[in-house]
Amino acid sequence: MKTTDIMARLRAKYPGENEYLQAVQEVLESVEDVYNQHPEFEQAKIVERMVEPDRIFTFRVTWVDDKGEVQTNTGYRVQFNSAIGPYKGGLRFHKAVTPSMLKFLGFEQTFKNALTTLPMGGAKGGSDFDPVGKSNDEIMRFCQAFMLELWQCIGPDQDIPAGDVGVGGREIGYLYGMYKKLAREYNTGVLTGKGSTWGGSILRPEATGFGALYFTQNLLHKAGKDIKGCKVAISGFGNVAWGACIKATELGAKVVAISGPDGVCEIPDGITREMIDYMLVMRASNRNRVQDMSDKFPAACKFTAGKKAWSVKCDIALPCAFQNELSEDDAKELKANGCWCCCEVSNMGCQPGAIHFFQHNGIFFAPGKAVNAGGVATSGLEMTQNASHISWSGAEVDAKLHFIMDSIHEQCVKYGTQPDGTIDYVKGANIAGFMKVATAMLEQGTI
Ligand code: 2IT
């Protein structure tokens, strides 16, 4: 296989699907050499099959806003790959959602899920519904209308959605309520990220952020460094950033910045527990405004409009917001400000130019599909608890999450160690995930 040939074909077939093309290119570049050592993959056309989703559902979602006006959005579910388990992946509600965005996320999810060591295929879904400024009632009505269509496509052994940007515990609750009514069964295994009193796993809300910090600790340990005392800059203030702030602080690092679409909040003395708790209020408000943090804590927090978290002096950068949020210029600014490590927590948070810059300037870099896999891994643990009708303690879930993140790091080291001894985490994660999915596809025949 030649990456350039496959990419030329995909570009002609899917013009303008830039996120999808970017995600595919990154994986194919990483695996090309290894792939070409396996003629059986080439003969079974594994790559050609793997870059296409198994199927995509598209549906209209109609709901009524608080003014009584009828609103129409589009809903999607991309079932990407089910070689190693049922389709699994989050739902994203964001005004910029397109099929390209969900295809990139479903493609990434396939390899990420393979890295978790749990049997889960890859999927993603969502809608161009914009939660910003919506009331709680509007969110509920939208979730109910969305599930009215989605429920036919999902099931505990078929496809198990969860949250993503714009979809948290509250939305999963409304989605599940409607699913239960339509399906006429109490089958909690159909969604993950549920409330802890009705089948949700303890620690699922924290899991993506906690897992990211466990992975970062592993990376630093391998490099002979310690996270204690490090300054950490974090983008976003949603669920993932929240979990990362808790664990980074607990491990003795200082979170000196969080950000939003409006700008950055600099926190020179480090974020406090009170401020971390306030992030939940900010998320629930649907205002999407980080300045609310400095309004609430003016003495500790300095807000600068229009600036990113990457403008703040730090040792470690943790992008926790959105794809392509960190550009090559941002990477250069980070380096100039003394940053020496970037662990990508958002899916494809760094632009290709930024990754290239990090890798060629001695800055440790690890990709989202390894770093953020603790979220979906804990979803997998939630599925196990639901299937066996039991509930584990927080300590049990945390121990399993930690073990999984250690294992993901080991897989990256195994497949990513270069002849000069350095570790290419991008290659490592991509090859490890790819080999598992490719082998399963091969063994299951041409379907
Ligand atoms: O990007 C992700 O891994 C998620 N949004 C979580 C998916 C899941 O099924 O828990």
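The values are calculated or read from the model by the stated rules, or taken from the named source; none is laboratory data. No experiment lies behind these values; they were computed from the predicted model shown. Don't worry about glycine lacking a Cβ; one is built from the backbone with ideal geometry, like all the others, and counts go over all protein chains shown. All accessible areas refer to the heavy atoms of the entire protein, side chains included, with ligands and DNA or RNA removed. Shrake-Rupley method; radii C 1.70, N 1.55, O 1.52, S 1.80 Å.
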Quick check on region 293-307: of everything there that is of a type in the set (Gly, Ala, Ser) and surrounded by 17 or more Cβ atoms within 10 Å (Cβ to Cβ), which residue is farthest from HIS94 (Cα to Cα)? ALA300
Name the residues in region 163-194 that are in contact with a Lys or Arg (Cβ under 9 Å, 6 or more places away or on another chain) and assigned to a loop (DSSP other than H, G, I, E, B), would you? GLY163, VAL165, GLY166, GLY168, TYR186, ASN187, THR192, GLY193, LYS194
Residue ID - farthest from ILE154 (Cα to Cα), chosen from residues in region 85-96 that are within 14 Å of the ligand (Cβ to nearest atom) and open to solvent by 10 Å² or more (accessible area, probe 1.4 Å): HIS94
Identity of the residue in region 151-201, open to solvent by 30 Å² or more (accessible area, probe 1.4 Å) and of a type in the set (D, E, K, R), that ends up nearest to ARG77 (Cα to Cα): ASP164
Can you name the condition, by its number, that PRO99 falls short on among (1) touching a residue at least 40 places away in the same chain (Cβ under 8 Å); (2) surrounded by 19 or more Cβ atoms within 10 Å (Cβ to Cβ); (3) more than 12 Å from the ligand (Cβ to nearest atom)? (2)
Within region 369-416, of all residues that are surrounded by 24 or more Cβ atoms within 10 Å (Cβ to Cβ) and touching a strand residue (DSSP E or B) at 6+ places or on another chain (Cβ under 6 Å), the one farthest from PHE210 (Cα to Cα) is SER379
Qualifying positions in region 290-300 - over 26 Å from CYS350 (Cβ atoms) and not basic (Lys, Arg): ASP292, SER294, ASP295, PHE297, PRO298, ALA299, ALA300
Region 34-61, residues that are under 20 Å from GLY126 (Cβ atoms) and either open to solvent by less than 60 Å² (accessible area, probe 1.4 Å) or touching a Cys at 6+ places or on another chain (Cβ under 7 Å) (or both): GLU52, PRO53, PHE57, PHE59, VAL61
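What is the residue count in region 308-323 for residues that are within 12 Å of SER235 (Cα to Cα) and either open to solvent by 20 Å² or more (accessible area, probe 1.4 Å) or in a loop (DSSP other than H, G, I, E, B) (or both)?
8
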Within region 226-237, count every residue that is in contact with a strand residue (DSSP E or B) (Cβ under 9 Å, 6 or more places away or on another chain) and either of a type in the set (Gly, Ala, Ser) or free of Cβ contacts under 8 Å to residues at least 12 places away in the same chain (or both). 4
Residue list for region 102-141, filter: part of a loop (DSSP other than H, G, I, E, B) and more than 10 Å from the ligand (Cβ to nearest atom): THR117, LEU118, PRO119, GLY121, ASP128, PHE129, ASP130, PRO131, VAL132, GLY133, LYS134, SER135
Which number in (1) at negative phi; (2) out of contact with any Gly (no Cβ under 6 Å at 6 or more places or on another chain) marks the one condition that LYS254 misses? (2)
Just to be sure I understand the filter: pairs with C-beta atoms under 6 Å, separated by 6 or more residues or on different chains, first member in region 150-179 and within 11 Å of the ligand (Cβ to nearest atom), second member open to solvent by 10 Å² or more (accessible area, probe 1.4 Å) and part of a helix (DSSP H, G or I). Which pairs pass? GLY168/ASN239
Hey, THR74 hits all of (1) open to solvent by 60 Å² or more (accessible area, probe 1.4 Å); (2) over 22 Å from ALA432 (Cβ atoms) but one; which does it fall short on? (1)
Consider ASP66 against the criteria (1) part of a helix (DSSP H, G or I); (2) within 30 Å of ARG287 (Cβ to Cβ): it satisfies all of them except one. Which criterion is unmet? (1)
Members of region 243-292 that are in contact (Cβ under 8 Å) with a residue 40 or more places away in the chain, in contact with a helix residue (DSSP H, G or I) (Cβ under 7 Å, 6 or more places away or on another chain) and crowded, with 24+ Cβ neighbours inside 10 Å: ALA244, ALA248, ALA257, ILE258, SER259, VAL264
So, GLY236, is that one buried (at least 21 other Cβ atoms within 10 Å of the Cβ), assigned to a loop (DSSP other than H, G, I, E, B) and modelled with pLDDT of 95 or more or not? yes
Would you check if there is a residue in region 276-284 being part of a loop (DSSP other than H, G, I, E, B), of a type in the set (D, E, K, R) and on the phi < 0 side of the Ramachandran plot? no
Identity of the residue in region 347-362, within 16 Å of the ligand (Cβ to nearest atom) and touching an Asp or Glu at 6+ places or on another chain (Cβ under 6 Å), that ends up most open to solvent (accessible area, probe 1.4 Å): ASN347
